[in-house]
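The values are calculated or read from the model by the stated rules, or taken from the named source; none is laboratory data. These numbers come from a predicted model, not from an experiment. Every residue, glycine among them, receives a Cβ derived from its backbone with ideal geometry; neighbour counts consider all protein chains shown.
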Amino acid sequence: MSSDSVLAALRAPYVSEKSARLAEHNQYVFTVAPDATKADIKSAVEQMFTVNVVSINIANIKGKRKMFRFRPGRKASVRKAYVRLAAGQTIDTAAGRA
């Protein structure tokens with residue numbers, strides 16, 4: 001894949017209480033493109049943040065049915081990647097720096 005498409009695999013850091021708790025243990029959560037593979041995500045994280053990725057787990061979260069202004073609708077589905085880094089390495093996801 002080209003460099004641009006690899007970097008497009010990462011969409012944004014996923015911010016939640018669980019992801020903040022995991023960050024204390026060198027594991028970070030990102031929303032990724034629906035067609036991104038583990039290899040794409042690994043190379044994107046390593047290029048963008050200059051860190052060593054140890055492992056990646058992926059979760060596909062199906063969108064839920066909700067009511068929007070008295071009409072039924074559906075929230076978007078999300079693909080999350082749990083990225084574990086080598087010991088001693090961190091990512092400042094708020095600033096986007098390693």
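The table below gives the values:
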{"item": "Residue tally, condition hydroxyl-bearing (Ser, Thr, Tyr) and either over 21 Å from residue 16 (Cβ atoms) or surrounded by 13 or more Cβ atoms within 10 Å (Cβ to Cβ) (or both), over the stretch 45-59", "result": "1"}
{"item": "One residue from 75, 42, 62, 66 being touching a Ser or Thr at 6+ places or on another chain (Cβ under 7 Å) and either surrounded by fewer than 16 Cβ atoms within 10 Å (Cβ to Cβ) or under 21 Å from residue 6 (Cβ atoms) (or both)", "result": "62"}
{"item": "From 15, 45, 6, residue being closer than 24 Å to residue 77 by Cβ, part of a loop (DSSP other than H, G, I, E, B), in contact (Cβ under 8 Å) with a residue 24 or more places away in the chain and not small (Gly, Ala, Ser)", "result": "15"}
{"item": "Failed item, numbered, when residue 90 is tested on (1) assigned to a loop (DSSP other than H, G, I, E, B); (2) loosely packed, with under 14 Cβ neighbours inside 10 Å; (3) touching a residue at least 24 places away in the same chain (Cβ under 8 Å)", "result": "(2)"}
{"item": "Residue within the stretch 4-24 that is of a type in the set (Val, Ile, Thr) and modelled with pLDDT of 95 or more present", "result": "no"}
